[in-house]
1. Checking I199 against (1) in a loop (DSSP other than H, G, I, E, B); (2) of a type in the set (A, V, I, L, M, F, W, C); (3) within 11 Å of the ligand (Cβ to nearest atom): exactly one of these is not met. Which one?
2. Residue check: is G160 part of a loop (DSSP other than H, G, I, E, B), closer than 25 Å to Y215 by Cβ and touching a strand residue (DSSP E or B) at 6+ places or on another chain (Cβ under 7 Å)?
3. Are any of the residues in the range 90-102 polar (S, T, N, Q), in the same structural domain as Q236 (by TED's automatic domain parsing) and within 16 Å of the ligand (Cβ to nearest atom)?
4. Please enumerate the residues belonging to the range 363-383 that are touching a strand residue (DSSP E or B) at 6+ places or on another chain (Cβ under 6 Å) and either surrounded by fewer than 18 Cβ atoms within 10 Å (Cβ to Cβ) or of a type in the set (A, V, I, L, M) (or both).
5. So which of G314, G305 ends up being within 16 Å of the ligand (Cβ to nearest atom), in contact with a strand residue (DSSP E or B) (Cβ under 9 Å, 6 or more places away or on another chain) and assigned to a loop (DSSP other than H, G, I, E, B)?
6. Please work out which residue is farthest from the ligand (Cβ to nearest atom), limiting yourself to the range 142-160 and to residues that are of a type in the set (A, V, I, L, M) and closer than 21 Å to C223 by Cα.
7. If I filter the range 158-177 down to residues being basic (K, R) and out of contact with any helix residue (DSSP H, G or I) (no Cβ under 7 Å at 6 or more places or on another chain), which single residue comes out as farthest from T401 (Cα to Cα)?
8. Looking at this structure, is V172 more than 15 Å from the ligand (Cβ to nearest atom) and either within 25 Å of Y291 (Cα to Cα) or assigned by TED's automatic domain parsing to the domain that holds A380 (or both)?
Amino acid sequence: MKEFVPSPPPIVRNQFETIRELFSKNVVPSYGRFDLAFSHGAGSYLYDVNGRRYLDLGGGIAVCALGHAHPAITEALVEQSRKLVHTSNYYYHEPQGRLAQALVELIGPGKLFFCNSGAEANEGLFKLARKFGHDEGRYEVLTTVDSFHGRTLAGISATGQDKVKKGFEPMVPGFRHVPYNDLAAMRAAISPATAAILIEGIQGEGGVTPATPEYLLGLRALCDEKKLLLLLDSVQCGHFRSGRFQSYQRILENSELETRNSKPFLPDGISMAKSLGGGFPMGAFWVRAPYADLLSAGTHGTTYGGSPLACAVGLKVLEVIAKENLEANAREVGEYLKSGLLNLKQRFPNVVHEVRGLGLMIGAELAPDLAKLPGDPTKAQASRFASLLHAEGLMVIPAGTNIFRLLPALNLRPAEAKEGLDILTAVVAKLAA
Ligand SMILES: Cc1ncc(COP(=O)(O)O)c(C=O)c1O
């Protein structure tokens, strides 16, 4: 591959301690970080500053859809940046229009708004809900327990987990949480102020829990009956991760209930980010046709959203996914990984308690009291388990206190999946012994 990117400055070649020192002096300590610093990556492998290689099954938390340093992304960035990086949304440009069209074709009749992150995409959906209900005095958005919707003030207010709210009260008004996959609870929670329901098709941070077909279809019917918007947060579970473009498409594909419906299931709004840019920061939300013009000129905006550079990359990610049939790969390699984890659960039930997920979004719940797990016992088991895997050259993503997630690149190869499972098996077997 042609070397487009200049060599990193010398600082990146410094040892880990020097880099950590720079962080501790200069970077807000809002993240609990692992003791790892990376200098580069290739495909599903990352290399730390000491030259050690890791198999990355975390994919930067479901972001690196094509792995690391994919030549098509590099080329799209270089080619587009030679032409036009940014114009502002005062003007039109072709990449934004083309990416919007491609996403509409993948979802259904509607329109797109482009922004820069998942939290910002959800903010847009909250504003859409408020605009929708405004003239009737409706503003409330119902979300679910254990959901995660981002770290802005409205994002943490929408999130159904107390830990993200702590210290930042009072919350933005107008959000209430009800148990996930519980249609009766959602119905009971609707008030005269309710304007919308927001759920993740597969809860991610909450521990990888897919919605049931009955829940999705029931919510659609409930929203139609009560004149509410049905909004899906697809930031983590979207973009082919489930083995279909949207997780609801995967969840409903064999549902008898869905085939009996006269019109196919569609939500009213979908937020996206993460894999949309394959690592280039971007977000978006789709709004179903009847509501697509609610956010009229002057009502919403963001300076960087949908820049020519971001959209050129977004288009390239979609092109590579289609050309290399990564939708099928996510399904097949995901199935292989999941059955491998289920096998671990069967062999070592005292270590692996539960395995859930679809495609390349898989979560495994650890037993609550792993006595042999090394590390600081005041730290969550999920992150101590991840550290143990790091020592063996494997990266996964913790969720909550006791769950680890696999959210790898959609082009993960079967041999790489096997390598990951072999490491996991060895580590789990040691903990079980
Ligand atoms: C379901 C979901 N929604 C929203 C977000 C927030 O996205 P971002 O971190 O890009 O703001 C995340 C991030 O993990 C997510 O998983």
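The values are calculated or read from the model by the stated rules, or taken from the named source; none is laboratory data. All values reported here derive from a predicted model rather than from experimental measurement. For neighbour counting, all protein chains shown are included, and Cβ atoms are generated from backbone atoms with ideal geometry for every residue, glycine included.
1. Looking at each condition in turn, I199 falls short on (1).
2. Working: part of a loop (DSSP other than H, G, I, E, B): yes; closer than 25 Å to Y215 by Cβ: yes; touching a strand residue (DSSP E or B) at 6+ places or on another chain (Cβ under 7 Å): yes.
For G160, the condition - part of a loop (DSSP other than H, G, I, E, B), closer than 25 Å to Y215 by Cβ and touching a strand residue (DSSP E or B) at 6+ places or on another chain (Cβ under 7 Å) - is met.
3. Looking through the range 90-102, none of the residues is polar (S, T, N, Q), in the same structural domain as Q236 (by TED's automatic domain parsing) and within 16 Å of the ligand (Cβ to nearest atom).
4. A364, A367, A382, S383, listed by residue number.
5. Working: G314 fails: assigned to a loop (DSSP other than H, G, I, E, B).
Unique residue meeting the criteria: G305.
6. L142
7. Narrowing the range 158-177 to residues basic (K, R): 163, 165-166, 176.
Applying the additional criterion that residues be out of contact with any helix residue (DSSP H, G or I) (no Cβ under 7 Å at 6 or more places or on another chain) yields 163, 166.
Working: K163: 12, K166: 17 Å.
The residue in question is K166.
8. yes
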